[in-house]
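The structure appears below as structure tokens.
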Amino acid sequence: MGYTKFGEFIRILRIRNHEVMGDLAKVLEVSLPFLSSVETGKKNVPPSWVNILTDHYKLNEKDVSELNKAIEESQTQMKISLVNTSNIKRSTALQFARSFDNIDEDTAKKIMELLEKKK
């Protein structure tokens, strides 16, 4: 069974705190299957979990930063707001979404390099 970065992060926290998945599911007020589906990347991490996990595990600033990075790297879906966007930006976003599944690794790297230059 493959785990996302979030899944790995949260498993380590559970082990350090002598908890099993069922214990954490109760803290998060979700079912065990839902928690499992988040850990394995079938569902996105609900935004409210950051505060719950931070409080429950008494995470420091560095840990919260790592948690947020793990959540970002584990997203299965993203939404992009096209409100107040120019026509060319809108067309670019839509073309990217349509082409995403067919982009090879080299093209993805080139896109990343181009976007990194713009930062």
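Taking the range 27-38 as the range and being surrounded by 13 or more Cβ atoms within 10 Å (Cβ to Cβ) and either part of a helix (DSSP H, G or I) or touching a Cys at 6+ places or on another chain (Cβ under 6 Å) (or both) as the test, the residues that pass are V27, L28, L32, F34, L35, S36, S37, V38. Candidates are the residues of the range 39-60 that are more than 15 Å from the chain's Cα centre (by Cα) and outside any helix (DSSP H, G or I); the one that is surrounded by the most Cβ atoms within 10 Å (Cβ to Cβ) is L59.
Evaluating S81 against the criteria (1) in a loop (DSSP other than H, G, I, E, B); (2) over 20 Å from the mean Cα position of the chain (by Cα); (3) among the hydroxyl-bearing types (S, T, Y) leaves one unmet condition, (2).
Out of curiosity, is D106 open to solvent by 70 Å² or more (accessible area, probe 1.4 Å), more than 30 Å from Y57 (Cβ to Cβ), at pLDDT 95 or above and acidic (D, E)? The answer is yes for D106. Annotation note: Cβ proximity below 6 Å between a residue of the range 61-74 that is open to solvent by 30 Å² or more (accessible area, probe 1.4 Å) and a residue that is assigned to a helix (DSSP H, G or I) (sequence gap 6+ or interchain) occurs for V64/T54; E73/K5.
A single entry from K109, K69 fulfils the requirement of being assigned to a helix (DSSP H, G or I) and over 30 Å from R14 (Cα atoms): K109.
Just for the range 75-95: of the residues that are in contact (Cβ under 8 Å) with a residue 24 or more places away in the chain and not hydroxyl-bearing (S, T, Y), which one is most open to solvent (accessible area, probe 1.4 Å)?
Q77
The values are calculated or read from the model by the stated rules, or taken from the named source; none is laboratory data. The shown structure was predicted, so the numbers you read here are calculated from the model rather than taken from an experiment. Heads up, the Cβs are rebuilt from the backbone with ideal geometry, glycines too, and the neighbour counts pull from every protein chain shown. Keep in mind that these areas ignore ligands, DNA and RNA; they rest on the heavy atoms of the full protein, side chains included. Shrake-Rupley method; radii C 1.70, N 1.55, O 1.52, S 1.80 Å.
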